[in-house]
1. Within segment A:52-60, is there a residue that is of a type outside the set (S, T, N, Q), closer than 27 Å to residue A:177 by Cβ, assigned to a helix (DSSP H, G or I) and within 11 Å of chain B (Cβ to nearest Cβ)?
2. How many residues, within segment A:194-211, are surrounded by fewer than 21 Cβ atoms within 10 Å (Cβ to Cβ) and either more than 15 Å from ligand 2 (Cβ to nearest atom) or within 14 Å of another protein chain (Cβ to nearest Cβ) (or both)?
3. Residue A:10 - would you say it is of a type outside the set (S, T, N, Q), within 16 Å of ligand 2 (Cβ to nearest atom) and either at pLDDT 95 or above or open to solvent by 40 Å² or more (accessible area, probe 1.4 Å) (or both)?
4. For segment B:197-228, how many residues meet the condition of being in a helix (DSSP H, G or I) and open to solvent by 30 Å² or more (accessible area, probe 1.4 Å)?
5. Mind checking which residues of segment A:223-250 are crowded, with 19+ Cβ neighbours inside 10 Å and either in a loop (DSSP other than H, G, I, E, B) or acidic (Asp, Glu) (or both)?
6. Could you grab me the full set of residues in segment A:37-50 that are within 6 Å of ligand 1 (Cβ to nearest atom) and within 14 Å of chain B (Cβ to nearest Cβ)?
7. Would you mind telling me which numbered condition in (1) modelled with pLDDT of 95 or more; (2) more than 16 Å from ligand 1 (Cβ to nearest atom) residue A:73 fails?
8. So, of the residues in segment A:124-160 that are more than 11 Å from chain B (Cβ to nearest Cβ) and under 14 Å from the mean Cα position of the chain (by Cα), which turns out to be farthest from ligand 1 (Cβ to nearest atom)?
Amino acid sequence: MEPIIIIKDLKKYFQHLLVLDGITTNIMPGEVVVIIGRSGSGKSTLLRCLNVLEESQSGYALIDGIELPIGQKRTREVRKRIIEIRTHMGMVFQEFNLFPHRTIIDNVIEGPVIVKKEDRKTAIARGEELLSWVDMIEKKDYYPDQLSGGQKQRVAIARALAMEPKIMLFDEPTSALDPELIGEVLNVMKRLAEEGMTMLVVTHEMGFAREVADRIIFLGEGGIIEDNPPEKIMENPDHEDTRLFLNHIL
Amino acid sequence: MTTTDDAQAKAADLGVTETKLKHIEEARKAKKRFVMWVALVWVGIFALLLLVFNQFNLDFKFMLKYLPFIMKGVGTTIYISIFSIAFACLLALFGALGRLSKNPIFYGAATFYISVIRGTPLIVQIFVIYLGLPQMGIVISAVPAGIIALGVNYGAYMTEIFRAGIQSIGRGQIEAAHSLGMTYAQMMKRVVLPQALRLTIPPTGNEFIAMLKDSSLVNFLGVWELFFRAIKVGRQNFRNMETLIIAGLFYWLVTIIFQYFQSRLEKRMAKGTQKASGMGH
Ligand SMILES: Nc1ncnc2c1ncn2[C@@H]1O[C@H](COP(=O)(O)OP(=O)(O)O)[C@@H](O)[C@H]1O
Ligand SMILES: [Mg+2]
């Protein structure tokens with residue numbers, strides 16, 4: 001099987017600050033990879049570089065067969081490629097980022113209708129299916145501000161899934177939630193993993209990581225310090241630094 | 001809880017609500033008193049003003065006779081103001097998008113426009129469009145020329161309003177739109193502008209109220225608006241004070257009316273945002 005994501009020596013600077021110093025890894029279809037690391041270690045930046053919310057400076061990445069534009073001018077072709085990459089990859093943010101002026105169902109169909117030019121009726125039918133799947137169908141005509149954080153995040157997941165992506169990126173999806181609401185979101189993510197979605201998840205929910213992840217990547221000093229299955233990382237990590245970090249967060 | 005405890009608690013509760021009600025009642029009375037005093041002060045000053053104006057030997061018969069003639073200009077004034085503010089909004093929107101653009105052409109064009117307009121008097125701009133352009137072979141009649149000049153002028157100032165509205169939309173929503181695969185134009189049209197434009201409505205209302213008065217400057221172009229009509233009959237009959245008072249009163253009245261709608265709109269929109277952001281956080 002071919003990897004669905006190939007990353008080779010990816011580098012990212014913010015001005016003079018080297019945040020990603022040569023990331024190299026492959027991700028197979030259906031794999032769930034949890035990314036951990038200290039605050040500021042570049043976890044968000046890595047996800048954001050993959051869907052080009054941030055520009056990388058050097059290296060190479062192939063996402064579902066599409067080459068990430070690195071160091072290229074934003075020509076029409078490149079802009080089209082960026083959009084194609086983004087439609088292959090859903091992203092879920094820590095702060096949900098729902099559109100507050102649109103109802104829940106309108107949030108979910110926005111991508112299919114506007115980006116994919118899908119017919120509204122089809123989009124609504126599929127959107128309602130997705131809302132049922134994340135158990136939010138009763139709130140479909142509500143506005144985001146009328147929902148709890150956990151509900152918002154489940155809608156955000158449905159919105160990303162509506163584009164029928166092959167890969168899902170999660171950037172600390174439960175960090176902004178009250179503790180009692182974390183479970184409902186992790187549950188949805190778990191079911192998504194069971195359905196075979198390829199997932200990159202930045203999270204420090206180690207219970208979720210142990211149960212769902214195929215690999216855990218520990219990011220630090222701009223690079224991958226350790227990349228191992230959850231049991232290995234959590235019980236007998238190769239690096240002392242990994243152990244120190246896990247002791248700190250557990 | 002025993003029944004006596006219950007009763008005590010209830011009594012205490014009742015006491016609290018009673019004092020609370022008393023406070024509310026007192027606050028209401030104080031507010032009423034305040035409003036009454038303000039009204040009295042207004043009437044007092046107005047009467048004083050009338051006394052002063054009486055020193056001018058005002059010809060009330062003349063005023064009554066020409067009131068309808070001058071009043072006909074109110075419609076023109078409002079009409080010019082509405083078209084000018086609409087044009088100004090359009091320019092302000094593009095000005096704001098230009099100011100926020102990373103493209104040097106758009107940014108340069110927008111900042112140049114804003115700088116030139118803010119750096120020159122409105123009256124000069126009005127004359128340039130009405131008298132200057134014909135020298136280049138472009139002849140615009142008075143009303144459109146006035147609307148263009150007022151629109152171009154207000155558009156430059158209102159760019160800030162639109163820019164602030166656009167910038168108030170959080171980075172996160174923009175990134176969410178991009179992550180769905182939206183282009184810049186789709187993101188602006190679907191996500192940013194619907195929310196940003198809503199925020200620009202109250203300040204635009206204020207600009208409109210200011211425009212009602214500034215529109216009097218187009219009298220120089222011979223547009224038969226409120227002020228033009230007033231000075232026309234005033235000069236003809238050597239009764240300038242009378243007609244100026246009439247014009248002034250009409251401007252004032254129209255302003256008060258629009259101000260009323262404006263403040264209602266503002267209150268309603270404030271309630272809307274409170275409702276929107278008050279829940280769920
Ligand atoms: N837009 C930005 N401009 C400058 N520096 C940034 C920007 N975004 C992130 N950084 C820096 O990059 C580093 C990695 O940030 P981030 O990827 O957000 O870390 P993490 O998600 O692991 O906490 C941090 O040092 C942060 O300060
Ligand atoms: Mg982060």
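1. Scanning segment A:52-60, I find no residue that is of a type outside the set (S, T, N, Q), closer than 27 Å to residue A:177 by Cβ, assigned to a helix (DSSP H, G or I) and within 11 Å of chain B (Cβ to nearest Cβ), so the answer is no.
2. Pass one, segment A:194-211, residues surrounded by fewer than 21 Cβ atoms within 10 Å (Cβ to Cβ): A:194-197, A:204, A:206-207, A:210-211.
Subset that is either more than 15 Å from ligand 2 (Cβ to nearest atom) or within 14 Å of another protein chain (Cβ to nearest Cβ) (or both): A:194-197, A:206-207, A:210-211.
Looking only at that region, the number is 8.
3. On the way: of a type outside the set (S, T, N, Q): yes; within 16 Å of ligand 2 (Cβ to nearest atom): no; either at pLDDT 95 or above or open to solvent by 40 Å² or more (accessible area, probe 1.4 Å) (or both): yes.
Criteria not met by residue A:10.
4. If we filter segment B:197-228 for residues that are in a helix (DSSP H, G or I), which is where we start, we get B:197-221, B:226-228.
Remaining after also requiring open to solvent by 30 Å² or more (accessible area, probe 1.4 Å): B:197-199, B:201, B:203, B:206-207, B:210, B:213-214, B:217, B:220, B:227-228.
Counting residues in segment B:197-228 that are in a helix (DSSP H, G or I) and open to solvent by 30 Å² or more (accessible area, probe 1.4 Å) gives 14.
5. A:226, A:237 - these are the residues of segment A:223-250 that are crowded, with 19+ Cβ neighbours inside 10 Å and either in a loop (DSSP other than H, G, I, E, B) or acidic (Asp, Glu) (or both).
6. Pass one, segment A:37-50, residues within 6 Å of ligand 1 (Cβ to nearest atom): A:37, A:39-45.
Matches in segment A:37-50: A:44, A:45.
7. With (1) modelled with pLDDT of 95 or more; (2) more than 16 Å from ligand 1 (Cβ to nearest atom) applied to residue A:73, the lone miss is (1).
8. Looking at residues that are more than 11 Å from chain B (Cβ to nearest Cβ) and under 14 Å from the mean Cα position of the chain (by Cα), I get A:158.
The values are calculated or read from the model by the stated rules, or taken from the named source; none is laboratory data. Bear in mind the structure is a predicted one, so any value in this text is a computation, not a measurement. Heads up, the Cβs are rebuilt from the backbone with ideal geometry, glycines too, and the neighbour counts pull from every protein chain shown. Keep in mind that these areas ignore ligands, DNA and RNA; they rest on the heavy atoms of the full protein, side chains included. Shrake-Rupley method; radii C 1.70, N 1.55, O 1.52, S 1.80 Å.
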